Ligand code: C5P
């Protein structure tokens, strides 16, 4: 017997970052959008906790106790006073350390898969809190769709989306460390007062009405200058996608994946083709949004 959960990647269409808090995190006003790139987490009975991973980037995924899916299994087992005996297999399709919440997706997937396998029946209302213990983006991986994230990103308000948005993702060689990008943000902001982050009403409205041009006009990521300072070549990637007709180009989350919003599916295919031949990224992916959160298959 085994249980498989499918979990989406995300892009932040707004990522407003405040000053560092006393706990080291930053208050955010962020709009998460789940996109159609997925990992699948399969839980199978085992004598001890074991993680395996398959997929083109599997070699970059840690298989030890630091893996967020392993931490999720241990957290759930502790909560229910049982041993974390499970084999978790991650079929990885989300770029690793790319700013698309791939590790968070695996954590949300592991939580749901273990809960079903073990029959621990954690109330659905308690899952977001467990997810938040694992990481700021994990509650959104569980929820999917679109949501406003506040606090460190874990406090979610679901948002309506009135259409399908078409994305191209340019995957870079190697990842970027999220804490390093936030530290670069603090360095770049050292000589100015960083305001408290506020949600963009215009952007939330664009999502609700499904207006891709309005969404493109209001999209933004405060971490982008920080990611560019650590990886200046991303400017060439962003420029290549814009030249190919993307309506908006931005670094996804803490990067280094770059996200391009296209007017429609055929424009997205053209942007992907131009990026693939531009020599400014390792590979490209097409994905529609929104898409549901963690789902038992
Ligand atoms: O919550 P998560 O484990 O994903 O965060 C990873 C790191 O990213 C944190 O340790 C912190 O350095 C940074 N971070 C932050 N503010 C946030 C989210 C993450 O500074 N809102």
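Details
- Rounded to the nearest angstrom and listed largest first, the equivalent-ellipsoid semi-axes of segment 165-289 from its Cα gyration tensor are 24, 20, 10.
- For segment 50-100, the Rg and Dmax computed from alpha carbons only, in angstrom: 12.0, 36
- With only the Cα atoms considered, the chain has a convex hull volume of 123 Å³ per residue.
- Along its principal axes, segment 27-140 has C-alpha extents of 35, 32, 22 angstrom, given from the largest down.
- When you restrict to C-alpha pairs under 8 Å that are six or more residues apart and normalise by the size of segment 54-155, the relative contact order lands at 27 percent.
- Reciprocal of mean inverse Cα separation for segment 153-216 (Kirkwood radius, Å): 15.2 Å
- In segment 112-196, the C-alpha radius of gyration followed by the widest Cα-Cα span (Dmax) gives 17.2, 53 angstrom.
- Our summary gives segment 1-130 a relative contact order of 31 percent, counting only alpha carbon pairs under 8 angstrom and 6 or more residues apart.
- Tail fraction, Cα-Cα pairs, segment 3-77, threshold 15 Å, whole percent: 71 percent
- Relative contact order of the chain: 26 percent, from C-alpha pairs under 8 Å at least 6 residues apart in sequence.
- Residue among 55, 99, 144 with the largest mean-square fluctuation in a Gaussian network model of the chain, springs linking Cα atoms under 10 Å: 55
Computed from the coordinates by the stated procedures, all read-outs in this text should not be read as laboratory data. The structure displayed is predicted, hence computed values, not measured ones.
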